[in-house]
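**Student:** Take a look at this one; I'll ask things after.
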Amino acid sequence: MTAATAATAAIAAVRNLGILAHVDAGKTTVTERILYLTGTTHKRGEVHNGTTVTDFDPQERDRGITIFAAAVSCAWAGHRINLIDTPGHVDFADEVERSLRVLDGAVAVFDAVAGVEPQSEAVWRQAERHGVPRIAFVNKLDRAGADLDTAVASIRERLHPHPLAVHLPIGTEDAFTGVVDLVRLRALTWDDDGTAAEGPVPDHLAAETAARRRTLEEAVAELNPQALEEFCAHDTLTPDTLTTALRDLTRTGEAVVVLAGSAYRNRGIEPLLDAAVAYLPSPLDTPPVTAADHTQQRHPDPEQPLAALAFKVTAAPTGRLTYLRLYAGTLRKGDTLLDAATGRTERIARILRVQADRHTETDHALAGDIVAVIGPKNARVGATLCDVDHPILLEAPVSAEPVVTVAVEARRAADTDKLTAALARLTDEDPSLRLATDPETGQRTLSGLGELHLEVAVEKVRRDAGVEAVVGRPQVALREALVEGVTGFTHRHAKQDGGSGQFAHIVLDVHVLDAQAADTFAFASTVTGGRVPREYVQAVEAGCRDALAEGPLGGHPVTGVAVTLTDGLTHPKDSSELAFRTAARQGLREALRASRLHLLEPLAEVGVTVPEDALGTVLGDLAARRATVQGTHPGPAGTARVSALVPLAELFGYAGRLRSRTQGRGTFTTRPAGYAPAPATATAAGATAR
């Protein structure tokens with residue numbers, strides 16, 4: 001075997017996978033069992049004991065949730081699996097977004113009792129947007145009320161029209177002991193210590209197994225032409241044909257394979273690993289990566305010029321770690337790479353294979369790999385590191401816009417510089433956090449994706465930097481929306497202060513943007529006869545965008561605006577791009593003052609699960625928070641579920657209130673749901689500091 005062939009075989013044996021799920025569906029436990037089963041760890045980590053490998057941060061162990069995406073690597077059946085355990089809380093959805101940008105496949109974990117939960121749907125849609133193939137693992141089949149068929153039905157109704165269950169549970173709830181593999185027609189059982197055994201299908205399940213196998217064959221044949229041909233010829237499908245068809249359907253996204261188990265009781269992890277290897281793609285099965293400007297491509301070939309994307313940056317005791325996904329080429333210790341966005345060069349001092357907070361050094365990494373490197377000092381999240389002689393700029397992950405802001409100050413004036421440096425490091429690691437200084441008050445503000453997001457960030461500063469920070473009351477980020485515009489608005493900018501002056505004359509129509517438009521601003525020009533040269537028209541558009549950064553109602557960003565430049569005048573000497581940009585900025589600001597606008601506040605889609613006897617109290621509390629209840633329906637085991645749209649400003653402190661009103665038995669989840677007009681009484685309290 002030549003070196004090139006060996007390298008290609010090594011890439012084909014790689015699986016870059018993410019574990020996706022709603023909070024408390026069991027994804028971290030699934031990851032821990034995978035690490036134990038593959039021999040990567042020698043003791044099963046438990047979330048409730050704070051002994052997990054991937055939830056290694058003190059806050060994750062204290063809170064019992066995943067906050068930061070953690071990468072681990074393990075081996076199974078001759079394949080190397082790079083796993084990223086992603087957060088399930090909506091406040092950390094940006095961590096999921098950055099991870100999905102570099103992954104080739106994913107395992108979506110669902111609670112067998114709850115089925116598809118709000119954040120399950122959110123992360124599923126994120127993976128769908130990135131074109132990441134998925135398989136599903138229905139977890140916690142040992143719980144009271146667990147039902148695989150109900151979970152599959154919820155996947156069909158809310159996520160995918162073609163979930164294909166390849167397992168039949170053996171036993172129910174606490175008596176769940178294993179599964180029937182409908183592809184290979186075998187029984188897989190596990191004893192209390194997690195030891196697996198393979199055997200024939202139990203007699204009492206033979207008829208149901210045959211019926212479900214037939215249903216699976218028919219569903220696959222309907223979706224896959226090759227399987228249909230064999231099914232029509234022989235009225236059945238061989239296990240190999242079924243496996244090949246399931247792999248093809250998974251990788252194209254036409255169907256999703258559904259497996260079953262109980263990670264906590266070590267049941268179902270081996271077939272999950274087998275399915276990940278069999279059905280999910282290797283780097284060679286994915287399309288070549290394309291440059292942001294679509295002018296170049298890189299194939300997952302170790303002989304091509306290197307191209308890598310930095311998707312995570314962390315500070316570690318060993319130094320600043322930059323996590324890379326290699327799309328092409330071979331990375332070697334000591335290489336000098338180009339940061340394509342900044343033009344700076346970065347030297348790779350060390351290459352590390354990552355096991356959460358532990359690392360193993362290696363001297364090289366191939367295309368398709370995920371590794372961490374030490375050496376780059378300036379590369380930020382989203383940076384493209386590439387061959388110096390063959391530059392390429394890859395599209396960076398897009399960070400969500402912050403919706404909550406707090407003021408952060410050092411308790412002691414002597415710690416101000418220390419706090420500033422710690423916050424700067426934090427925003428370097430997490431691009432969804434934004435640091436700013438209020439120009440009016442001089443206060444330092446930190447903006448993020450939710451109350452918990454900011455709480456975790458500030459606590460990280462306190463622990464890591466040893467700075468006692470004082471945090472102001474959270475405030476939401478409002479928007480200003482155009483309700484009624486103006487036409488024929490004229491603005492002339494003329495300035496003469498010696499030498500060349502500035503002159504620009506523009507006429508603008510300002511109107512409400514079509515609600516179906518993808519963007520929040522649209523610009524057009526109907527000027528004819530060269531009265532405003534093309535380069536000045538572009539300057540007018542840039543000036544209009546400048547003006548929309550701060551609206552007249554309170555300095556909030558303005559949305560839903562369409563501007564048309566209808567006329568203008570130039571001066572042969574004093575007109576310039578700067579003059580027209582200034583005129584557009586000033587003119588649109590004046591036009592907006594003459595228009596009618598209203599404030600928008602962010603909404604959250606809230607799902608509340610409460611005991612039935614507390615439903616009335618919870619509904620009353622939601623009504624007091626200006627909620628729009630969308631529906632209530634029965635939940636598992638004597639509970640009720642409420643779905644509602646609630647202004648984000650009204651959710652601050654809701655977790656504590658819900659616990660007190662339900663004796664600690666109520667839970668809720670949220671996800672962003674856009675913006676809606678804000679009443680005047682709510683906007684004053686919720687306005688973001690400018």
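**Student:** Give the residues of region 148-174 that are part of a helix (DSSP H, G or I) and farther than 24 Å from A210 by Cβ, sorted by residue number. Steps first, answer last, please.
**Tutor:** First, the residues of region 148-174 that are part of a helix (DSSP H, G or I): 148-158, 173-174.
Selection gives S154, E157, R158, E173, D174.
**Student:** For region 343-375, which positions are closer than 22 Å to V289 by Cβ, surrounded by fewer than 19 Cβ atoms within 10 Å (Cβ to Cβ) and either in contact (Cβ under 8 Å) with a residue 12 or more places away in the chain or hydrophobic (A, V, I, L, M, F, W, C) (or both)?
**Tutor:** R344, T345, H364
**Student:** Could you say which residue among R585, R596, R545, R581 is under 13 Å from E480 (Cβ atoms) and open to solvent by 40 Å² or more (accessible area, probe 1.4 Å)?
**Tutor:** Details: R585 fails: under 13 Å from E480 (Cβ atoms); R545 fails: under 13 Å from E480 (Cβ atoms); R581 fails: under 13 Å from E480 (Cβ atoms).
Within the list R585, R596, R545, R581, the selection yields R596.
**Student:** Another question, if that's okay. Specify the residue that is farthest from Y279 (Cα to Cα); the eligible residues are those in region 160-170 that are at pLDDT 95 or above and touching a Gly at 6+ places or on another chain (Cβ under 9 Å).
**Tutor:** Selected residue: I170.
**Student:** Taking region 196-214, which residues are under 13 Å from L168 (Cα atoms) and assigned to a loop (DSSP other than H, G, I, E, B)?
**Tutor:** Of everything in region 196-214, those that are under 13 Å from L168 (Cα atoms) and assigned to a loop (DSSP other than H, G, I, E, B) turn out to be V201, P202.
**Student:** List pairs: first in region 618-630 and farther than 15 Å from G656 by Cβ and among the small types (G, A, S), second open to solvent by 50 Å² or more (accessible area, probe 1.4 Å) and modelled with pLDDT of 90 or more, Cβ under 8 Å, 6+ apart or cross-chain?
**Tutor:** Listed by first residue and then by second, the contacts come to A623/V629.
**Student:** Sticking with this structure for a sec: Looking only at region 180-195, decide whether some residue is assigned to a helix (DSSP H, G or I), among the hydrophobic types (A, V, I, L, M, F, W, C) and open to solvent by 10 Å² or more (accessible area, probe 1.4 Å).
**Tutor:** We begin by selecting, within region 180-195, every residue assigned to a helix (DSSP H, G or I); these are none.
No, region 180-195 contains no residue that is assigned to a helix (DSSP H, G or I), among the hydrophobic types (A, V, I, L, M, F, W, C) and open to solvent by 10 Å² or more (accessible area, probe 1.4 Å).
**Student:** Here is a list of conditions, (1) more than 24 Å from S73 (Cα to Cα); (2) surrounded by 19 or more Cβ atoms within 10 Å (Cβ to Cβ); (3) in contact with a strand residue (DSSP E or B) (Cβ under 7 Å, 6 or more places away or on another chain); (4) hydrophobic (A, V, I, L, M, F, W, C), and A219 meets all of them except one; can you say which number that is?
**Tutor:** All conditions are met except number (2).
**Student:** Another one. Would you check which residues across region 77-88 are assigned to a strand (DSSP E or B) and closer than 13 Å to T31 by Cβ and list them?
**Tutor:** Our first condition is that a residue be assigned to a strand (DSSP E or B); within region 77-88, this holds for 79-85.
Of everything in region 77-88, those that are assigned to a strand (DSSP E or B) and closer than 13 Å to T31 by Cβ turn out to be I81, N82, L83, I84, D85.
**Student:** May I pose another question? Can you confirm whether A504 is touching a helix residue (DSSP H, G or I) at 6+ places or on another chain (Cβ under 6 Å) and open to solvent by less than 40 Å² (accessible area, probe 1.4 Å)? Spell out how you get there, then give the answer.
**Tutor:** On the way: touching a helix residue (DSSP H, G or I) at 6+ places or on another chain (Cβ under 6 Å): yes; open to solvent by less than 40 Å² (accessible area, probe 1.4 Å): yes.
It is true that A504 is touching a helix residue (DSSP H, G or I) at 6+ places or on another chain (Cβ under 6 Å) and open to solvent by less than 40 Å² (accessible area, probe 1.4 Å).
**Student:** For region 601-630, which residues satisfy the criterion of being more than 30 Å from V471 (Cβ to Cβ), in a strand (DSSP E or B) and either among the aromatic types (F, W, Y) or open to solvent by less than 20 Å² (accessible area, probe 1.4 Å) (or both)?
**Tutor:** Listed by number, the list holds a single entry, P611.
**Student:** Among (1) farther than 28 Å from L597 by Cα; (2) open to solvent by 20 Å² or more (accessible area, probe 1.4 Å); (3) within 21 Å of the chain's Cα centre (by Cα), where does L449 come up short?
**Tutor:** (1)
One line per residue, one yes/no per condition, for (1) farther than 28 Å from P402 by Cα; (2) touching a residue at least 24 places away in the same chain (Cβ under 8 Å); (3) open to solvent by less than 10 Å² (accessible area, probe 1.4 Å):
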{"position": "F68", "(1), (2), (3)": "no, yes, no"}
{"position": "A71", "(1), (2), (3)": "no, yes, no"}
{"position": "A93", "(1), (2), (3)": "no, yes, no"}
{"position": "L100", "(1), (2), (3)": "no, yes, yes"}
{"position": "G115", "(1), (2), (3)": "yes, yes, yes"}
{"position": "A127", "(1), (2), (3)": "no, yes, yes"}
{"position": "N139", "(1), (2), (3)": "yes, yes, yes"}
{"position": "R143", "(1), (2), (3)": "yes, yes, no"}
{"position": "A146", "(1), (2), (3)": "yes, yes, no"}
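**Student:** Just give me the residues in region 414-437 being of a type in the set (D, E, K, R), free of Cβ contacts under 8 Å to residues at least 60 places away in the same chain and crowded, with 17+ Cβ neighbours inside 10 Å, in sequence order. It would help to see each step written out before you state the result.
**Tutor:** Pass one, region 414-437, residues of a type in the set (D, E, K, R): 415, 417-418, 425, 428-430, 434.
Applying the additional criterion that residues be free of Cβ contacts under 8 Å to residues at least 60 places away in the same chain yields 415, 417-418, 434.
D415 - this is the single residue of region 414-437 that is of a type in the set (D, E, K, R), free of Cβ contacts under 8 Å to residues at least 60 places away in the same chain and crowded, with 17+ Cβ neighbours inside 10 Å.
**Student:** Of everything in region 394-413, what is open to solvent by less than 80 Å² (accessible area, probe 1.4 Å) and in contact with a strand residue (DSSP E or B) (Cβ under 7 Å, 6 or more places away or on another chain)? Give them in sequence order.
**Tutor:** Our first condition is that a residue be open to solvent by less than 80 Å² (accessible area, probe 1.4 Å); within region 394-413, this holds for 394, 396-397, 399-400, 402-410.
Listed by number, the residues that qualify are L394, P397, P402, V403, V404, T405, V406, A407, V408, E409, A410.
The values are calculated or read from the model by the stated rules, or taken from the named source; none is laboratory data. The model shown is predicted, which means the values in this text are computed figures rather than measured ones. So basically every Cβ, Gly included, is an ideal-geometry build from the backbone, and we count neighbours across all protein chains shown. Quick note on the areas: whole protein, heavy atoms, side chains included, nothing else; ligands and nucleic acids left out. Shrake-Rupley method; radii C 1.70, N 1.55, O 1.52, S 1.80 Å.
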